[in-house]
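Participant: Take a look at this one; I'll ask things after.
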Amino acid sequence: MSACAAVAIEVDGLEKRFGALTAVAGLSFSVRPGEIFGLVGPDGAGKTTAMRMLASVMRPDAGRIVIDGIDVLASPEQAKSHISYMPQRFGLYEDLTVDENIRFYADLFDVPARVWQARAEKLLAAADMTPFRRRLAGQLSGGMKQKLGLACSLVHTPKVLLLDEPTTGVDPLSRREFWQILYSLRSEGVAMLISTAYLDEAERCDRIAMLNAGTMMYCDTPAALKERMPGAMLEIITPDPRAAHDAVRGLPGVRGVLMVGTGIHVHVDSGERRTQIAAALTAAGIGIESLEEVAPSIEDLFLALLEQDGAGEGG
Amino acid sequence: MFQRIIQLLLKEFLQLRRDRSARFRLLIPPIVQMLLFGYAATFEVFNVATVMLDQDHTQESRALVDSFVHSSRFELVAVADDRRQVQAAVESSKAQLGIVVPPGFAELLRKGQSAPLQVLVDGTNSNTALIALGYAGQISGAFGQTYAQDLAQRTGRALGRPLVSVKLEERYWYNPNLNSRWFFVPGVIGTLTLITIVNLTAFAIVREREVGTLEQILVTPIRPVEFIIGKTLPFFFIGLLEVSIVTAVGMWWFRVPFEGNLLVLLFGTCLFLISVLAIGLLISTLCKTQQQAFASNFFILNPMFILSGFSFPIATMPQALQWITYVDPLRYFLIIIRATYLKGVGIDILWPQMATLAALGFGLFGVAILRFSKSLD
Ligand SMILES: Nc1ncnc2c1ncn2[C@@H]1O[C@H](COP(=O)(O)OP(=O)(O)OP(=O)(O)O)[C@@H](O)[C@H]1O
Ligand SMILES: [Mg+2]
């Protein structure tokens, strides 16, 4: 029954309350096998809570979760053998070696020795960790620990992989290797649900869902979401981003301003506004190194959508 | 299911083998404490505060009182006029020991019959009391022997049995030889096992919670019960090992003879360990960090120790505290280990303690499993 499931994860009306606080409210989505599905949202949006319910370490107050054709709430034990969950901080046994950690997880999932040994070799090679197999997990760097956590999560060939901010605090090189492993899992048909604080990472997902205060606001491919953003995005490089930010905010047609490193991103209702904005900055005595219309990033999009939503509620 | 429990067990032993400080904590403190207790328990006692009552008023009774007064072991703090005063002096801790020479003492001696000497002890410090009692026995014994020799010389007949017998008014002890080391060694075994195993179990589980491996394990197909068994079973074996080591020290180092059946003791130890593991597990469900576990160990183990009857006789506790001792597994195990060790008593007599210990153990374990499953949410 599960072999031909067209959806790997199906979530319907998921809800979780902590006292008066509703951490997840009526969340519904589905993920296909081989798809990378991103969950993005500000701190406290309910990403971790949603993942924990999917991993069946927390019981929802309402809703339905079906993973690979198995009703998770009805038979959690059965579902668990198809799921891998990597929490924000993967719990490794620091006094065991890399190999021993992998072996322990393989044993918990009843993976035959020959199978897990071959798989561990492949995973560790992909993570560039083969020379460290006999090192104690406690002596690994932060990035290596996360990669080892991923290897432990994948050693039993799950059908569904839940990753909660897996690359937070991981160096860029390890992050790239991490994503290469995720991409390689696509061809194995693993459905991946990943929450991330890095919006550039969100753009690598096949689809993303935007969560805010427990509710899903948007869910689509990154490209389609960007298209939904009305108006245009101007990137202004300036020596004084803070002053520019303050000067531009509140001008007619400006919907949002975001500081980005060396400049600002200005969300305007139309590209025509660029001359007006340039004039305002010059009048305020702020130098402009460049002013261009750019494709919005997910971060821009996210803020734009949040603002738009807030305005909708207000009016 | 068995496969996963065995894997957990193997992992636990592997971690233990690698953890030098855990191995140290496991072996060294129990042995050191055993040696300390063993030696401290036999420290000599001098100047035990003593109250005496001579109801016989004969030459013989005065001679006996004198031999106590002249001993460096006892210090006469009061001479009583009646039994009430003796009792009051002991109860108010003015004296640790009360010696009463009952009327008719000399008359029995002159007839060559055994005469009783009554002794009251302050049971709150049973170690001192026990040692003092031993001295009282020695002094009165020596007195009786001298008297018997005198009598034999005067009357020409020899007496086969000791003349003066010390009668303790209230006996709490099994140890017939009044050797405090023998009395203490079995108690130390039980107490040390409790402390070490509760600590190890609670820490091992709390550490998994703290590091995050607990949550990690629970998203695997392992069931909470399997986890609990896999996590506590190693400490069950370690507990047995610990009891064996400490018992061996008691038997071969202190030469305290083991009178009973080792299998009876083993069975009792297994029942006791179930309670001990359950307590460790319970503590781990109440604590999020190892520090909290350490603090609560203190709050739980200390009362258990004090209420066990290890050093303070339960019979002298206030009634309310006596009730609490009924749920203290250590209380039952101390009875079992002392009875098997020193008196060679078997299951035929110890079954009520064994049954209670089993009920307590399984009850506590049930509660611990329920609490553990709940604490995961
Ligand atoms: N066990 C809990 N008890 C009470 N409140 C909780 C619990 N877990 C989470 N919450 C609350 O639920 C809300 C959602 O939390 P959650 O951890 O799911 O957010 P998140 O999107 O993962 O945030 P972050 O980006 O910080 O990880 C927060 O307000 C949080 O305080
Ligand atoms: Mg989170």
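The values are calculated or read from the model by the stated rules, or taken from the named source; none is laboratory data. Keep in mind that what you see is a predicted model, and the values were worked out from it rather than measured. A quick note on method: Cβ atoms are made from the backbone with ideal geometry, for glycine too, and the neighbour counts reach across all protein chains shown. These accessible areas exclude ligands, DNA and RNA; they are computed on the full protein's heavy atoms, side chains included. Shrake-Rupley method; radii C 1.70, N 1.55, O 1.52, S 1.80 Å.
Participant: Which pairs have Cβ atoms under 6 Å, sit 6 or more apart or on different chains, and link a residue in segment A:92-109 that is more than 9 Å from chain B (Cβ to nearest Cβ) to one that is aromatic (Phe, Trp, Tyr) and open to solvent by 30 Å² or more (accessible area, probe 1.4 Å)?
Facilitator: Cβ pairs passing all conditions: A:98/A:132.
Participant: Please find, among B:361, B:280, B:260, the residue that is modelled with pLDDT under 85 and of a type outside the set (Lys, Arg).
Facilitator: B:260
Participant: Also: In this structure, does residue B:243 turn out to be surrounded by 22 or more Cβ atoms within 10 Å (Cβ to Cβ), aliphatic (A, V, I, L, M) and free of Cβ contacts under 8 Å to residues at least 60 places away in the same chain?
Facilitator: In short, yes.
Participant: List, please: which pairs have Cβ atoms under 9 Å, are six or more places apart or on different chains, and start with a residue in segment A:125-150 that is outside the structural domain of residue A:85 (by TED's automatic domain parsing) and end with one that is open to solvent by 20 Å² or more (accessible area, probe 1.4 Å) and modelled with pLDDT of 90 or more?
Facilitator: Correct list of pairs: empty, since none qualify.
Participant: Could you identify the single residue in B:228, B:222, B:217 that is over 30 Å from residue B:131 (Cβ atoms), open to solvent by less than 10 Å² (accessible area, probe 1.4 Å) and either touching a Lys or Arg at 6+ places or on another chain (Cβ under 6 Å) or aromatic (Phe, Trp, Tyr) (or both)?
Facilitator: Selected residue: B:222, the only one of B:228, B:222, B:217 that is over 30 Å from residue B:131 (Cβ atoms), open to solvent by less than 10 Å² (accessible area, probe 1.4 Å) and either touching a Lys or Arg at 6+ places or on another chain (Cβ under 6 Å) or aromatic (Phe, Trp, Tyr) (or both).
Participant: Now, a different point. Determine which single condition residue B:15 fails, assuming it passes every other condition in (1) without any contact (Cβ under 8 Å) to a residue 60 or more places away in the chain; (2) within 14 Å of another protein chain (Cβ to nearest Cβ); (3) open to solvent by 20 Å² or more (accessible area, probe 1.4 Å); (4) touching an Asp or Glu at 6+ places or on another chain (Cβ under 7 Å).
Facilitator: (3)
Participant: Given the conditions (1) more than 16 Å from ligand 2 (Cβ to nearest atom); (2) in contact (Cβ under 8 Å) with a residue 40 or more places away in the chain; (3) open to solvent by 10 Å² or more (accessible area, probe 1.4 Å); (4) in a strand (DSSP E or B), and given that residue A:189 satisfies all but one, which numbered condition is not satisfied?
Facilitator: Residue A:189 satisfies every listed condition except (4).
Participant: Of the numbered conditions (1) within 14 Å of another protein chain (Cβ to nearest Cβ); (2) among the aliphatic types (A, V, I, L, M); (3) open to solvent by 10 Å² or more (accessible area, probe 1.4 Å); (4) away from ligand 2 (no atom under 16 Å from the Cβ), residue A:115 satisfies every one except a single condition; which is it?
Facilitator: If we test residue A:115 against (1) within 14 Å of another protein chain (Cβ to nearest Cβ); (2) among the aliphatic types (A, V, I, L, M); (3) open to solvent by 10 Å² or more (accessible area, probe 1.4 Å); (4) away from ligand 2 (no atom under 16 Å from the Cβ), just (1) comes out false.
Participant: Mind checking which strands (runs of 3 or more DSSP E) fall wholly inside segment A:208-271 and carry at least 2 residues that are within 14 Å of residue A:297 (Cβ to Cβ)?
Facilitator: Once the strands (runs of 3 or more DSSP E) in segment A:208-271 are filtered for at least 2 residues that are within 14 Å of residue A:297 (Cβ to Cβ), what remains is A:232-237, A:254-260, A:263-268.
Participant: Right, next: Among the numbered criteria (1) open to solvent by less than 10 Å² (accessible area, probe 1.4 Å); (2) part of a helix (DSSP H, G or I), which one does residue A:14 miss?
Facilitator: The one condition residue A:14 does not meet is (2).
Participant: Evaluate the following for residue A:46: is it over 17 Å from residue A:201 (Cα atoms) and within 13 Å of ligand 2 (Cβ to nearest atom)?
Facilitator: yes
Participant: Within segment A:33-86, can you find the residues that are in a loop (DSSP other than H, G, I, E, B) and more than 16 Å from ligand 1 (Cβ to nearest atom)?
Facilitator: If the condition is that a residue be in a loop (DSSP other than H, G, I, E, B) and more than 16 Å from ligand 1 (Cβ to nearest atom), then A:33, A:34, A:35, A:68, A:69, A:72, A:73, A:74, A:75, A:81, A:82 are the ones that fit.
Participant: So, one more: Run residue A:91 past the list (1) more than 14 Å from ligand 2 (Cβ to nearest atom); (2) in contact with a strand residue (DSSP E or B) (Cβ under 6 Å, 6 or more places away or on another chain) and report the number of the one that doesn't hold.
Facilitator: Answer for residue A:91: the failing condition is (2).
Participant: Out of (1) open to solvent by less than 30 Å² (accessible area, probe 1.4 Å); (2) away from chain B (no Cβ under 14 Å); (3) within 16 Å of ligand 1 (Cβ to nearest atom); (4) touching a residue at least 60 places away in the same chain (Cβ under 8 Å), what's the single condition that is false for residue A:199?
Facilitator: Condition (1) is where residue A:199 drops out.
Participant: Counting only residues that are modelled with pLDDT under 90 and on the phi < 0 side of the Ramachandran plot, which one in segment A:124-135 is most open to solvent (accessible area, probe 1.4 Å)?
Facilitator: A:126
Participant: Look through B:37, B:68 and report the one residue that is away from chain A (no Cβ under 14 Å), in contact with a helix residue (DSSP H, G or I) (Cβ under 8 Å, 6 or more places away or on another chain) and at pLDDT 80 or above.
Facilitator: Of the residues listed, the single one that is away from chain A (no Cβ under 14 Å), in contact with a helix residue (DSSP H, G or I) (Cβ under 8 Å, 6 or more places away or on another chain) and at pLDDT 80 or above is B:68.
Participant: Answer yes if at least one residue in segment B:345-366 is part of a helix (DSSP H, G or I) and either within 14 Å of chain A (Cβ to nearest Cβ) or under 13 Å from the mean Cα position of the chain (by Cα) (or both), and no otherwise.
Facilitator: no
Participant: Sticking with this one: Within segment A:210-218, is even one residue open to solvent by 50 Å² or more (accessible area, probe 1.4 Å), at negative phi and outside the structural domain of residue A:191 (by TED's automatic domain parsing)?
Facilitator: No.
Participant: Which one is most open to solvent (accessible area, probe 1.4 Å), of the residues in segment A:69-91 that are touching a residue at least 40 places away in the same chain (Cβ under 8 Å) and more than 11 Å from chain B (Cβ to nearest Cβ)?
Facilitator: A:69
Participant: Could I ask something else about it? Please go through segment A:21-32 and give me each residue that is in contact with a Gly (Cβ under 6 Å, 6 or more places away or on another chain), over 17 Å from residue A:219 (Cα atoms) and either near ligand 1 (Cβ under 8 Å from one of its atoms) or part of a loop (DSSP other than H, G, I, E, B) (or both), ordered by number.
Facilitator: A:23
Participant: Continuing with the same structure: From A:57, A:66, grab the single residue that is crowded, with 18+ Cβ neighbours inside 10 Å, in the same structural domain as residue A:185 (by TED's automatic domain parsing) and either within 16 Å of ligand 2 (Cβ to nearest atom) or of a type in the set (Ser, Thr, Tyr) (or both).
Facilitator: Testing whether each residue is crowded, with 18+ Cβ neighbours inside 10 Å, in the same structural domain as residue A:185 (by TED's automatic domain parsing) and either within 16 Å of ligand 2 (Cβ to nearest atom) or of a type in the set (Ser, Thr, Tyr) (or both) leaves just A:57.
Participant: Further, regarding this structure: Looking only at segment B:311-319, decide whether some residue is open to solvent by less than 20 Å² (accessible area, probe 1.4 Å) and at pLDDT 85 or above.
Facilitator: no
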